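Since the structure comes first, as structure tokens, the remarks are kept for the end.
The values are calculated or read from the model by the stated rules, or taken from the named source; none is laboratory data. Bear in mind that the values here come from a model prediction, so they are computed numbers and not experimental data. As a convention, Cβ positions derive from the backbone with ideal geometry for all residues, glycine included, and neighbour counts pool all protein chains shown.
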Amino acid sequence: MEPLLRVEKLEKRYESGALFRRRKRVTALSGVSFALYPQTTLALVGESGSGKSTLALCIACLEVATAGSIRFEGKELTGLEEKQLRAIRPQIQVVFQDPASSLNPRLTILDIVTEPLNIHRQLSGREKSEQARELLDCVGIAHEKALRTPDELSGGQKQRVAIARALALKPKLLILDEALSALDSSIQAQVANLLLDLQSSLGLTYLFITHDFRMAAHLADEIAVMEHGQIVEFGKTETVLHTPTQEITRQMVRASAGLDALPRLPEGL
């Protein structure tokens, strides 16, 4: 089986400094390489500042890599012009950490999920509304909430809406950038179980970015540990959890209490 996503020797550097001072070069990613296969989950685990989110933005074509290669379905993404990237972005969607800040407070829930279809000019008005309602059904949002605004929903419900919106364009890769970390533990488990169900029913591939080894163990087939912009450990989830080779991995495993599989909880919020 060919990888859905292959990243090779990826680098990302930023320059900082005032106009009349010597500019400082900051390396966010240094030689990152990995492959992600269809309908699997790779967890990128690391502390804040390790480069996880920068890597996600580069893969989602929201940041331009300094060097290296990103291949999606065998097609090279680095170096593409903006018009070409617009054709790729619907296939790679991102769910961010804070649903409250990622959802437009002036729109109804139905309008939020319909918005990507409006932007990409797909379907008629009726078809868009029907598809949006189906997506809300898929993520467990009741019909009577469709005409409410985000501030009328709980945190877990808001993240479900963000997931529904990300799925509107039928992506092949979903990047979950700390998408569960703003939720309390019981709601985390419910949304994690939802993600597993969606992956099974829709054939999704996940890049799951987290600092939480417990959640990575629950969701991921493979784990990549990042430190200082590099992947320092990579392997099957069980191997990385039980026989880590790097000290940073051992520290993070020890810091994550209760690494047993999370129980499947009722879906109601």
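If we only count helices (runs of 4 or more DSSP H) wholly inside segment 1-103, which ones have 1 or more residues that are under 19 Å from the mean Cα position of the chain (by Cα) and modelled with pLDDT of 95 or more? Show your work before the answer.
Values: elements: 52-59, 82-88, 99-102.
Fully inside segment 1-103 and qualifying: 52-59.
Being closer than 22 Å to PRO38 by Cβ, among the small types (Gly, Ala, Ser) and in contact (Cβ under 8 Å) with a residue 24 or more places away in the chain is the requirement here; does ALA224 meet it?
Spelling it out, ALA224 is indeed closer than 22 Å to PRO38 by Cβ, among the small types (Gly, Ala, Ser) and in contact (Cβ under 8 Å) with a residue 24 or more places away in the chain.
Between VAL26, VAL32, the distinction of being loosely packed, with under 15 Cβ neighbours inside 10 Å and of a type in the set (Val, Ile, Thr) belongs to VAL26 only.
Looking at LEU173, LEU207, LEU169, LEU123, just one residue is more than 13 Å from the chain's Cα centre (by Cα) and in contact (Cβ under 8 Å) with a residue 12 or more places away in the chain, and that residue is LEU169. The number of residues in segment 104-118 being part of a helix (DSSP H, G or I) and either over 17 Å from LEU135 (Cα atoms) or in contact with a Phe, Trp or Tyr (Cβ under 8 Å, 6 or more places away or on another chain) (or both) comes to 0. Taken over segment 119-143, residues that are among the β-branched types (Val, Ile, Thr) and part of a loop (DSSP other than H, G, I, E, B) amount to 2.
Flag: PRO105 matches the condition of being in contact with a Pro (Cβ under 7 Å, 6 or more places away or on another chain), under 17 Å from ARG165 (Cα atoms) and either surrounded by 15 or more Cβ atoms within 10 Å (Cβ to Cβ) or in contact (Cβ under 8 Å) with a residue 12 or more places away in the chain (or both).
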